[in-house]
Structure formats: structure tokens, C-alpha cells
Amino acid sequence: IAALRDAGTLVVADAKRGDIGSTMDAYAQAWLGESPLTSDSVTVSPYLGFGALAPALDLARENARGIFVLARTSNPEGGGLQQSSAGGVSVAQSIVDDAVAANADGRDTVGLVVGATRDHGLDLTDFNGAILAPGLGAQGATAADLAEIFAGSTELLLPNSSRGVLQYGPSISALREAAMRDRDEIEAALAN
């Protein structure tokens, strides 16, 4: 992580941390404070309540970093919980709505994790942050799927193809070629 950050690469730590009180504060310090794990942003889980993410949100704002909150993930097992209704709104949509409210101050510290593997069923109209979209490659989503799945929300879309690229390692040149190939396919798909 340190080597990447020293080279000017933005680091999104896919830690999926979420807890309450002092434990969440410790996670926030590890990923968003100053430590060997310090990253530009970290994925967090809101399933102990969006408010429980306050230590991470506060520290991200303080250090000009960000958090990506799990809303509608790419794993099929998450659908039952994330699409269940709470007061007439899906759990995933309530997370989107909380993220919209958290970004209302204009700092756009909160991004969302929304899987690229299926129609997410979310209203992202008012969301003004980045969207981390896992699921390309090994999980089945293609670059061509992105324009349809994220129609109207592609400006700050960050598609992710970790296993799709990493399968070409350990050769650095092969990894670079795979990443560039994915980048070109995504840019072409979203340009249409």
C-alpha cells in the first residue's frame, strides 16, 4: 500500500470493515489515519447501522480520504438482505439515501459499492459520489453491461476487475496489458 501511494496510485482498500464504537474507530484509524494500512479510501459495511460508520466518515473527511459503503454487492448471497424492504424502501436503497445525505455538505466523501453483475434496482439519481462497481471478469459482468446497469451514473463509475487482471500475474507486463485492455474495453463501452 505504501509503495503504491508513494508512486501516486490511489488505493482503495477493500477491507469491508464495519463495527460499533471503539472497534469502528480502530478500523478507521488503521485504514484512514496514519498507519502501514493507510489508504485513500476503504470499503465499509453499513449493516450495523449507517450511523456506526461515523468514525470512518469523520476521519475520511478530516484526512481528505473517502469511504465506499456497501449498498448492492456483486455476490448473489447478498440479494435477499439487500433487496428486503424496510418501510417500503429496500435496505440497499436506504443505504443509498443515507449516502446522499452524508454527501449533502458537498464534500462527496461517501461512495457506494454497487455490483456490476446484475440490475441493482437502485435509484441513484440524487447520488453525487463515486460508485465502485465490482464484478467484471471472473464474476461474470462485462464492460458492455456497465452502460445499461449504470445508465445515468457513469461519470464517477469505478469498475473493478481484480481477478480478471490478477490471473495474468506474476508477470508485470502481462498484468499491465490486462489492466490496459480492461480499461480500453470499459472506456469504449461507456463512450456509446
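Each value in this text was obtained by applying a stated rule to the coordinates, not by laboratory testing. What you see is a predicted model, and the numbers here were worked out from it, not measured in a lab. Cβ placement follows ideal geometry from the backbone for every residue including glycine, while neighbour counts extend to all protein chains displayed.
Subtracting the Cα-Cα distance of Ile20 and Leu190 from their residue separation scaled by 0.36 nm leaves 57.4 nm.
With the gyration tensor restricted to C-alpha atoms of the range 1-92, the semi-axes of the equivalent ellipsoid amount to 26, 15, 10 Å, longest first. If R0 is taken as 22 Å, the Cβ-Cβ distance between Thr142 and Leu10 corresponds to a FRET efficiency of 0.35. The mean sequence separation of alpha-carbon pairs under 8 Å and at least six residues apart, normalised by the residue count of the chain, gives a relative contact order of 14 percent. Average 1/r across all pairs of distinct alpha carbons in the range 89-167, invert it, and you get the Kirkwood radius: 13.0 Å. Any idea what diffusion coefficient the range 1-154 gets from Stokes-Einstein, in µm²/s, Kirkwood Rh on alpha carbon pairs, 10 °C, 1.306 mPa s? Rounded, D is 100 µm²/s. Here the range 2-160 carries DSSP beta bridges of which approximately 10% are antiparallel, counting only pairs with both residues inside.
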